[in-house]
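Here's the structure, in structure tokens; my notes come after.
The values are calculated or read from the model by the stated rules, or taken from the named source; none is laboratory data. Model, not experiment: these values are computed from the prediction. In this analysis, Cβ positions are derived from the backbone assuming ideal geometry, glycine residues included, and neighbour counts consider all displayed protein chains. Heads up: the accessible areas ignore ligands, DNA and RNA and are worked out on the full protein's heavy atoms, side chains in. Shrake-Rupley method; radii C 1.70, N 1.55, O 1.52, S 1.80 Å.
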Amino acid sequence: DHLAALLDRSDELIITGGMSAGDTDHVPAAVTALGGETIFHRLGIRPGKPVFGAHLRNKLILGLPGNPVSVAVTARVCGGPLLQRSGGKRVAESAPLVELVEPSDKLLHLIWYRLVSVDQTGGVRLVDNRGSGDLVALARSTGFVRIPAGATGRGPWPFTAW
């Protein structure tokens, strides 16, 4: 009922939390129960895999994960472009390419948005973090780089600033 009421007074709807598969993650089922069409759910990305996109009553519903790093990344990667497009703006932003000063050899078989900081000399470094709930790492970051699934190394990688 609350979701239906929000849709009645909104142009688009962005929700955080409740997107995954836990006992308290009810948003996708609630959207489906109202007749919504799921466009995407559980993308092959980290952080933010449970991100959810749907269409209901000619309105976009974007469900962002609940953890802060996941919210920040998926808001930039999914939220901004989807809202621009639904508003009629067709802007193809190309992200600048950067190389990491001290690359990691960690490998992930998902698209990996890694937090980075840009130092005073323009050097781009990975920010040490403890996962998608690490607010301190998020605060220390300048943005993130997009590392393709299965890739490692210095780059160049697309960079998105906050």
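Partner lysines whose Cα lies under 20 Å from the Cα of LYS49, excluding those fewer than 8 positions away in the same chain, are identified as LYS106.
Summing +1 for each Lys or Arg and -1 for each Asp or Glu among the other residues whose beta-carbon sits under 11 angstrom from that of ARG114 gives +3. Think of the chain as a dipole: +1 on every Lys or Arg Cβ, -1 on every Asp or Glu Cβ, centred on the Cα centre; then among LEU43, GLY88, LEU56, GLY88 lies furthest on the positive end. Ranked by the mean number of other Cβ atoms within 10 Å per residue, highest first, peptides 10-16, 51-57 order as 51-57, 10-16. For the chain, the 222 nm mean residue ellipticity estimated from helices alone, with every DSSP H stretch of n ≥ 4 adding -39500 (n - 2.57) and the total spread over all residues, rounds to -5000 deg cm²/dmol.
A probe of 1.4 angstrom, applied to the heavy atoms of all protein chains, finds LYS59 with accessible area near 40 square angstrom.
Ignoring ligands, DNA and RNA, how do ARG9, ARG125 rank by accessible area with a 1.4 Å probe, largest first?
Greatest to least solvent exposure: ARG9, ARG125.
Each residue was assigned an accessible area with a 1.4 Å probe, and for THR24 the value is about 110 Å². Note on PHE159: accessible area approximately 30 square angstrom, rounded to 10, probe 1.4 Å, nucleic acids and ligands left out. Quick one: among LEU107, LEU138, LEU64, which has the greatest mean-square fluctuation in a GNM of the chain with alpha-carbon springs under 10 angstrom? So, out of LEU107, LEU138, LEU64, the one fluctuating most is LEU107. Equivalent ellipsoid of the range 11-81: semi-axes from √(5λ) of the C-alpha gyration tensor, largest first, are 18, 14, 10 Å.
Expressed to the nearest 5 percent, the antiparallel share of DSSP beta bridges inside the chain is 75 percent.
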